[in-house]
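The structure under discussion appears below in the form of structure tokens.
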Amino acid sequence: MLPLLYAGQAQKELFHNEALMRLDLLVHGTAESADLNVPPGTPGLGQCWIVAAAPGGAWTDRGGALACWTEGGWRFVEPKKGLSIMVVDRGHRMNFDGAEWIDEALRSDGLYIAGQRIVGERSAAIADPAGGTTVDDEARAAIVALLEVLREHGLIAE
């Protein structure tokens with residue numbers, strides 16, 4: 001949540017600058033990793049991490065938060081349901097469901113459900129059925145229809 005300015009408030013620039021800092025961290029939308037429990041030794045300015053489940057050091061009691069290194073030290077943002085962050089070392093986004101961070105289902109190497117890859121990389125071409133001593137036209141038609149759908153969606157080569 002962004003800090004608000006109040007009428008008659010002294011040093012409004014501090015609250016305004018803090019709001020800009022948080023916006024910059026969230027709009028940026030990238031975390032280096034979601035697997036660290038303690039801060040890295042030499043974080044780069046503007047780098048962020050999703051704090052893992054058993055935090056320590058400067059991240060104590062911040063499990064699940066987005067920790068970002070700034071000129072003023074560590075800034076923490078508590079995620080809200082629907083927050084989506086690209087995680088560099090995983091190569092895909094993670095989404096906060098309101099309770100925990102979940103790996104995105106659609107990744108560059110396939111589609112995952114409950115952490116298990118269901119659809120992987122595109123397979124080689126499969127020829128339509130032909131030959132054989134007994135020909136079942138209905139079975140062949142079903143196989144051809146399945147192959148056409150897989151080809152249409154780019155899951156196998158043509």
(message) Taking just the alpha-carbon atoms of segment 67-112, what radius of gyration and Dmax come out, in angstrom?
(response) 12.7, 40
(request) Tally the DSSP beta bridges in segment 47-158 and give the antiparallel ones as a percent, rounded to 5. (result) 95
(request) Can you pull a Stokes-Einstein diffusion coefficient for segment 39-87 at 37 °C (0.692 mPa s), Rh from Kirkwood over Cα pairs, as a whole number of µm²/s? (result) 293
(request) Tell me the GluC sites (Glu not before Pro) within segment 40-124 that lie in a loop according to DSSP and have at most 13 other beta-carbon atoms within 10 Å. (result) Glu71, Glu100, Glu121
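How big is D for segment 67-158, in µm² s⁻¹ as a whole number, if Stokes-Einstein is applied with the Kirkwood radius of its Cα pairs at 10 °C and 1.306 mPa s?
Numbers: Rh = 17.2 Å.
It comes out at roughly 92 µm²/s.
Readers should treat all values here as calculations from the given coordinates under stated rules, not as data from a laboratory. Fair warning: this is a prediction, and the values are worked out from it, not measured in the lab. Quick reminder, even Gly has a Cβ in these numbers, built from the backbone with ideal geometry, and neighbours come from all protein chains shown.
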